[in-house]
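Reviewing the structure listed below.
The values are calculated or read from the model by the stated rules, or taken from the named source; none is laboratory data. A quick note: this is a predicted structure, and the numbers were derived from the prediction, not measured. Note that each Cβ is placed from the backbone with ideal geometry, even for glycine, and that neighbours are counted across all protein chains shown.
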Amino acid sequence: MNPLAQELNEMLAQGNPYVLEMLSDLGKNLFFPKGILTQSAEAKEKAHRFNATIGIATENGGPMYLPCVQECFSAFDPKDVFPYAPPAGKPELRALWREKMLRENPSMAGKAFSNPIVTNALTHGLSIVADMFVDAGDHMVLPDMMWGNYNITFITRRGAEIKKHTTFTEDGGYNVAAFAEQLRATAAEKGKAVVLLNFPNNPSGYTPTVAEGDAIVATIKEVAESGCNIVAITDDAYFGLFYEDSMQESLYGKLANIHPRVLTIKLDGATKEEYVWGLRTGFITFADGKGENEPVLTALEKKTMGIIRATISNCPHPSQTAVLAALRNPEFAAQKEEKYQVMKGRALEVKRVLADSKYAEAWDYYPFNSGYFMCLKIKDVAAEKVRVQLLDKYGVGTISIGQTDLRVAFSCIAKENIQELFDLIYQAVMDLR
């Protein structure tokens, strides 16, 4: 093991040995090298005559660039576009995102957590968590309605075993009892559990009520108190898109610092929150179960920087600059609220349309109150056949999941077209009957 990795592990052992136990074998071996980047940082501070350290070309006191490329970023200074961004991301962006999280998540007030580290959007954050905390055979607790990409990230890449629980109760609430049963079973068998909480949920579009959220947190604390190490991940990809009676913040704030055996990790990003899917700018934020624990947070940040360095080196600088500029813009909040109202209008229109009793013979639908999606539970006909019929006969694209479920992304359907969309889905089901 590299001495730098050993040094970070010793910091974890002294600060919170449970976190060290949670790391995968790869996670234990991760470190941030004191190589080119460290020496370049020292040179940036002290090399007042010549700085011959960094691997970029310079000209006239700044980065070298092609004018035809700079034209695409004319609103930005070349120094905020062309050089490499720091491995953990632009410091000013990290600080501003931290302020944003505190403002939008009241439960985070007074909690101790790391500065957000910039990732190449949320999927990259999931990959980092998988590499750092999941070994082959580790158990992950997830609802049966889950994003399919988790299979590749955690099962294919890392060999995890996903233990699913029923997502909803018969009366349409989140099935906290099923979650608790599965988590307790994992704790008894493994002594370690990785819990992934994705709200608003993809594909169902559901966010738990405040009471359901509190029950999830209480369950995690209870299982930790029984002696189980828990890596609690909040996948907040669709954060802020809460339309009806549900939690209005991430569970991260209530889970942070809850118990020494619970390491809480928040994954979020500008992708959906700022409607900038192609910029690929996300964040990963750690909260140790003990609260104020700088050695643990420092060690986790260094290990995260190490895996970023080993895989993509750093995240794109122009994207970070654009997100930072948006957050600083005085019109940001008003523009974001305008788009939120559009999304909420579409979601509520879906509910209005689905209230028509004529659809009852074709499907039931799962609870939804947030996010981008909702799911129909097709009756009597395979969902995949409905999907193909919609595509081939009506030119309508949907996603089939399993035997019965059809995911509909209302996020990309204008409000005035939603009635027609569901009428076509209904017609496709009737065709196949």
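Key figures
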{"read-out": "Unique residue being modelled with pLDDT under 95 and either outside the structural domain of Ala310 (by TED's automatic domain parsing) or surrounded by fewer than 17 Cβ atoms within 10 Å (Cβ to Cβ) (or both) when the list is Gly137, Gly172, Gly159", "value": "Gly172"}
{"read-out": "Qualifying residue in the range 346-360 (condition: in a loop (DSSP other than H, G, I, E, B) and at negative phi)", "value": "yes"}
{"read-out": "Ile312, sole failed condition from (1) of a type in the set (A, V, I, L, M); (2) under 28 Å from Lys34 (Cβ atoms); (3) crowded, with 17+ Cβ neighbours inside 10 Å", "value": "(3)"}
{"read-out": "Selection from the range 188-216 of residues that are crowded, with 16+ Cβ neighbours inside 10 Å, small (Gly, Ala, Ser) and under 24 Å from Ala160 (Cβ atoms)", "value": "Ala193, Ser204"}
{"read-out": "Single match in Ala180, Ala185 (criterion: touching a helix residue (DSSP H, G or I) at 6+ places or on another chain (Cβ under 7 Å) and either surrounded by 19 or more Cβ atoms within 10 Å (Cβ to Cβ) or free of Cβ contacts under 8 Å to residues at least 40 places away in the same chain (or both))", "value": "Ala180"}
{"read-out": "Cross-chain or 6+ apart pairs with Cβ under 7 Å, the range 280-309 first and assigned to a helix (DSSP H, G or I), then among the acidic types (Asp, Glu) and surrounded by fewer than 24 Cβ atoms within 10 Å (Cβ to Cβ)", "value": "Ile307/Asp131"}
{"read-out": "Residue pairs meeting the criteria (Cβ under 6 Å; at least 6 apart or on separate chains; first in contact (Cβ under 8 Å) with a residue 40 or more places away in the chain, in the range 240-261; second basic (Lys, Arg) and in a loop (DSSP other than H, G, I, E, B))", "value": "Ala256/Lys111; Asn257/Lys111; Pro260/Lys290"}
{"read-out": "Hits in the range 279-302 - residues which are more than 22 Å from the chain's Cα centre (by Cα) and over 19 Å from Ile258 (Cβ atoms)", "value": "Pro295"}
{"read-out": "Output for the range 57-68, where each listed residue is surrounded by 10 or more Cβ atoms within 10 Å (Cβ to Cβ) and either at pLDDT 75 or above or closer than 29 Å to Lys303 by Cα (or both)", "value": "Gly62, Pro63, Met64, Tyr65"}
{"read-out": "Single residue of the range 278-294 satisfying the filter (touching a helix residue (DSSP H, G or I) at 6+ places or on another chain (Cβ under 6 Å) and at pLDDT below 95) that is surrounded by the fewest Cβ atoms within 10 Å (Cβ to Cβ)", "value": "Leu279"}
{"read-out": "Failed condition for Phe50, given (1) part of a loop (DSSP other than H, G, I, E, B); (2) modelled with pLDDT of 85 or more", "value": "(2)"}
{"read-out": "Odd one out for Cys228, checked against (1) farther than 26 Å from Glu338 by Cα; (2) surrounded by fewer than 21 Cβ atoms within 10 Å (Cβ to Cβ); (3) in contact with a helix residue (DSSP H, G or I) (Cβ under 6 Å, 6 or more places away or on another chain)", "value": "(2)"}
{"read-out": "Every residue from the range 18-43 that is without any contact (Cβ under 8 Å) to a residue 40 or more places away in the chain and either surrounded by 14 or more Cβ atoms within 10 Å (Cβ to Cβ) or of a type in the set (A, V, I, L, M) (or both)", "value": "Leu20, Lys28, Asn29, Ile36, Ser40, Ala41, Ala43"}
{"read-out": "Unmet criterion (only one of (1) in a helix (DSSP H, G or I); (2) buried (at least 17 other Cβ atoms within 10 Å of the Cβ); (3) not hydroxyl-bearing (Ser, Thr, Tyr)) for Arg407", "value": "(1)"}
{"read-out": "Subset tally (residues that are crowded, with 20+ Cβ neighbours inside 10 Å and either part of a loop (DSSP other than H, G, I, E, B) or at pLDDT below 95 (or both)) for the range 260-269", "value": "1"}
{"read-out": "Cβ-Cβ under 7 Å pairs, at least 6 apart or on other chains, the range 376-400 side closer than 19 Å to Asp364 by Cα and in the same structural domain as Tyr206 (by TED's automatic domain parsing), far side loosely packed, with under 15 Cβ neighbours inside 10 Å and at pLDDT 95 or above", "value": "none"}
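Here is a yes/no grid of residues against (1) part of a loop (DSSP other than H, G, I, E, B); (2) of a type outside the set (A, V, I, L, M, F, W, C); (3) out of contact with any strand residue (DSSP E or B) (no Cβ under 6 Å at 6 or more places or on another chain):
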| position | (1), (2), (3) |
| --- | --- |
| Ala88 | yes, no, no |
| Ser114 | yes, yes, no |
| Thr123 | no, yes, yes |
| Met132 | no, no, yes |
| Asp135 | yes, yes, yes |
| Met146 | yes, no, yes |
| Tyr150 | no, yes, yes |
| Glu181 | no, yes, yes |
| Leu196 | no, no, no |
